[in-house]
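Below is one structure; the comments refer to it alone.
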Amino acid sequence: MEDYSRNGEISPQLLHLIPQGRRRNWFQNDQASVYSTEDKKLELKLGPPGEEDQHIKKEPKDKSILSLAGNHFSPSSTTNKTTSQKRTAPGPVVGWPPVRSFRKNLANGSSSKLGNQKSDEDDNGRAKEPKRQGGMFVKINMYGVPIGRKVDLSSHNSYDQLSFTVDKLFRGLLSAQRESLSFGEEEKPITGLLDGNGEYTLTYEDNEGDKMLVGDVPWHMFVASVKRLRVIKTSEISSALTYGNCKQKKMRS
Amino acid sequence: MDLRLPSKVLEHIFSFVDSNEDRNSVSLVCKSWFETERLTRKRVFVRNCYAVTPAAVARRFPGMRSLTLKGKPHFADYNLVPDGWGGYAWPWVEAMGEKYPALEELRLKRMVVTDECLEKIAASFKEFKALVLTSCEGFSTDGLAAIAVACSNLRELELRECIVEDLGGDWLSYFPETLTSLVSLDFSCLDSAVKLSDLERLVSRSPHLKSLKLNRAVSLDALGNLLRLAPQLVELGTGSFSDKLNQEAVSKLSQAFSELKELKSLSGLWDVLPEYIPLLYSVCPGLTSLNLSYATVQMPDLVELLSRCSKLEKLWVMDLIEDKGLEAVASSCKELRELRVFPSGADVDETNVAMTEQGLVTVSEACPNLESVLYFCAQFTNAAMVTIAKNRPNLKCFRLCVMEPFAPDHKTQQPLDEGFKAIVESCKDLQRLSVSGLLTDKAFEYIGTHGKKLRMLSIAFAGDSDLMLHHLLSGCESLNKLEIRDCPFGDTALLENAAKLETMRSLWMSSCCVSFGACKLLSQKMPKLNVEVIDEQHLTETGPDSSPVEKIYIYRTLAGPRVDMPEFVWTIHKNPEIGVSHLAIE
């Protein structure tokens, strides 16, 4: 048991960086401290000098989960056999028991959905950082394009700017969708989103769930109440939008 | 004497070599074998996406048709890895998209997949057939729509326990009428209801559909229609099992179930009402796999169900099954290979006390093929583990989670060292082990001495000292993945066994006593490892070298430091000027 390297040769380890004093003590008496008195000189020593047999050092830094665990890892003056008495169960701990979040609370009959809604707080109770820092991103979908996009309204000051952005976002995608229909067609700009003159019109859903035409209210009011944007075919306006009514038709080619 | 076989002959021979482990061996024989093998490998597995660059993989395997990638460390499942850590699928999709548009399958686990990524897959791979995402996140249902609309040869779309931004159920309606190749569809982790008529049309035009896993929003009523359209199903995941149906609807549903002659696997069963359990009786005799881990069914109903499942090989259930229910499993399910028992309560004190170690002992006695166990339990005893070990030396995977940290043997108050000793001594082929309860360094001495085939080991709240880690790293020859949390070992064992780390895939340590200085030292001396310190509080860089680090993830890599590290991940490459000269050396 003196030979602590399994394969007989000293593999390239960092043994030479570990002072002799420490190494020799590995396989001696269990109760003996692996850290001999020489250790006090060592920089890598953890915790205050003068520890006894248990070399679970330290007061860990407060944020560590060990602090939640109370006195588990404080040096014990008793032998190993009674360590069981020293251990106390910690309070709620991150990631313990090791069960995926969607498995929790199933038996309580709660209507918590299974896992695909990220909670606002992580298990520590800290509020999670919002996915995007700053900016006011709203989702925007366009008729005929399966993939939605996100628009940062905080970087816009007017409806015209927004209209320009929508054109930029979707122009390419729209013509890609149309590829199969008319080969060689150039990318057409998306215009007339706000005045009803174009092929498409920009609409939005507000915080009360109502569907509205974009452009009717002052910009800052719009920004305060918008939840989602949708670019629909102008021809569908009267059937798709009814003020105060939340019917939503599926539009598909 | 040149005995080289012509490459065409080699290719033919290699076409019979399926397993990648064998293929890896084959490629080590000589250069020509390496060349032939790499040109003919169709299925590539990269078990740590940061161990190698996408470009390198793409270059080596130009014939790749299927790529499997794993990203985040396993403990990410339990929220121990902060958001933004990494595991992005994008670089891989981008690299393959450009050079290898013939890619057909992508299987990703614990990776961040964005909508842009999904769009890119849809746009780049014309022959794309299978997308299987396990424990992934970062995408929305819009991304699914992109896959649905564009992949005209799609066979498999499976979302297993993913976190998806759910923007509604429209995505399913994007599958074109021309798509008839679907074999497997799993959207069980999504919230929103899909349009039922579109789902029915999809199912009815998919004659090859073998596996259908619905989400909770699909009602019991709707289930009946779907089953009638797909009586050929081999795997079924139901939706919610709780609507109130009238008698006629119930009998029609019962009829529909009895038509499922091929059904081998059943899951879902959310909210299942006891009065509907008999609906399942007709399929029970054929079932080999049953996942009841979402079904809040009480023991008596479970017994009724399980006593009819004589062919069952895999059972996932909650601890509502209790010891009595496991007795029923023991007497009825003689073919059982895998048992997982999950806790029904969220906290330790909510654990079902009518399920104890005895349940597992009973099953281990009666089921000769039992080789894989995951068991959450309030407490355990050494005697029980000794018995289990004696009964089942054929165990390959033993994951015991005693819910209360530091819980001793509840009969003798002793540490559980002797119990785990029996397990590793007796189960010579044990490959995966998770330990829990009160454990001293002795337990790890036993594991190091006997756990020669152990590949993956998970440890929490255990051990006394550096000896613990030392025993493991120096003793477990086959060790591949080691994950440890809240254990009191420090630098010494880690540094002494540094070379071992290059033989392993990865090592995770969190809330242990490893110092920043040791991490720096390790990084300097072991350039083939990425030593990543996760430090959300930003304490380590500014603190002294002796300060302990929150979390460390160490893995071997050919790719060098990764380029997508968030600011809370530190590696030595971030401050190369920090030397270790000021640390005591010799």
How about the range B:494-520: which of its residues are farther than 20 Å from residue B:461 by Cα and touching a Lys or Arg at 6+ places or on another chain (Cβ under 6 Å)?
B:502, B:505
Options B:410, B:470, B:450; residue that is over 22 Å from residue B:77 (Cβ atoms) and facing another protein chain (nearest Cβ under 10 Å)
B:470
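Scan the range B:465-478 for residues that are part of a loop (DSSP other than H, G, I, E, B) and surrounded by 24 or more Cβ atoms within 10 Å (Cβ to Cβ) and report the count.
Here the count works out to 2.
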Residue list for the range B:532-572, filter: of a type in the set (Asp, Glu) and without any contact (Cβ under 8 Å) to a residue 60 or more places away in the chain:
B:532, B:535, B:541, B:545, B:550, B:567
Pair list, Cβ under 7 Å, 6 or more apart: the range B:406-427 residue β-branched (Val, Ile, Thr) and at pLDDT below 95, other residue buried (at least 21 other Cβ atoms within 10 Å of the Cβ) and assigned to a helix (DSSP H, G or I):
none
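Tally up the residues in the range B:280-320 that are under 14 Å from residue B:335 (Cα atoms) and either among the polar types (S, T, N, Q) or free of Cβ contacts under 8 Å to residues at least 12 places away in the same chain (or both), please. Before the answer, list the steps.
Initially, the range B:280-320 is screened for residues under 14 Å from residue B:335 (Cα atoms), giving B:284-290, B:306-315.
Checking the rest, the ones that are also either among the polar types (S, T, N, Q) or free of Cβ contacts under 8 Å to residues at least 12 places away in the same chain (or both) come to B:288-289, B:307, B:310.
Number satisfying all stated conditions: 4.
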Counting only residues in the range A:140-184 that are modelled with pLDDT of 85 or more, closer than 16 Å to residue A:233 by Cα and part of a helix (DSSP H, G or I), the one nearest to the other protein chains (Cβ to nearest Cβ) is identified as A:166
Hits in the range B:499-519 (condition: crowded, with 23+ Cβ neighbours inside 10 Å and aliphatic (A, V, I, L, M)):
B:507, B:509, B:514, B:518
Residues in the range B:51-89 that are within 14 Å of another protein chain (Cβ to nearest Cβ) and in a helix (DSSP H, G or I): how many?
5
Matching entry among B:235, B:259 (being surrounded by fewer than 20 Cβ atoms within 10 Å (Cβ to Cβ), closer than 24 Å to residue B:318 by Cα and at pLDDT 95 or above):
B:235
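Sort out which residues of the range B:17-31 are loosely packed, with under 13 Cβ neighbours inside 10 Å and of a type in the set (Ser, Thr, Tyr), and write them in order of number. Break it down stepwise before answering.
Of the range B:17-31, the ones loosely packed, with under 13 Cβ neighbours inside 10 Å are B:18-19, B:21, B:24, B:28-31.
The one that is loosely packed, with under 13 Cβ neighbours inside 10 Å and of a type in the set (Ser, Thr, Tyr): B:19.
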Number of the exception - residue B:403 against (1) closer than 21 Å to residue B:419 by Cα; (2) modelled with pLDDT of 95 or more
(2)
Limited to the range B:11-50, what total is found for residues that are farther than 21 Å from residue B:106 by Cα, in a helix (DSSP H, G or I) and aliphatic (A, V, I, L, M)?
2
Picking from B:357, B:304, B:313, B:327, which residue would you name as being surrounded by fewer than 23 Cβ atoms within 10 Å (Cβ to Cβ) and either touching a Gly at 6+ places or on another chain (Cβ under 7 Å) or under 18 Å from residue B:395 (Cβ atoms) (or both)?
B:313
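Tally up the residues in the range B:319-342 that are within 14 Å of another protein chain (Cβ to nearest Cβ) and within 25 Å of the chain's Cα centre (by Cα), please. Can you show your working first?
Filtering the range B:319-342 for residues within 14 Å of another protein chain (Cβ to nearest Cβ) gives B:319-322, B:340-342.
Now drop any that are not within 25 Å of the chain's Cα centre (by Cα), which leaves B:319-321, B:340-342.
The qualifying residues number 6.
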Tell me, please, whether a residue that is in contact with a Ser or Thr (Cβ under 8 Å, 6 or more places away or on another chain), at pLDDT 90 or above and surrounded by fewer than 23 Cβ atoms within 10 Å (Cβ to Cβ) can be found in the range B:537-551.
no
So in the range B:411-432, with the set limited to residues that are assigned to a loop (DSSP other than H, G, I, E, B) and within 19 Å of residue B:369 (Cα to Cα), which one is nearest to the chain's Cα centre (by Cα)?
B:431
Selection from the range B:154-175 of residues that are more than 10 Å from chain A (Cβ to nearest Cβ) and modelled with pLDDT under 95
B:169
Tally up the residues in the range B:269-318 that are within 28 Å of the chain's Cα centre (by Cα), outside any loop (DSSP other than H, G, I, E, B) and aromatic (Phe, Trp, Tyr), please.
2
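Kindly evaluate residue B:458 against the criterion of being in a loop (DSSP other than H, G, I, E, B) and not hydrophobic (A, V, I, L, M, F, W, C).
Taking the combined requirement at face value, the residue does not satisfy it.
The values are calculated or read from the model by the stated rules, or taken from the named source; none is laboratory data. Just so we're clear, the structure is a prediction, and the values are computed from it rather than from any experiment. In this analysis, Cβ positions are derived from the backbone assuming ideal geometry, glycine residues included, and neighbour counts consider all displayed protein chains.
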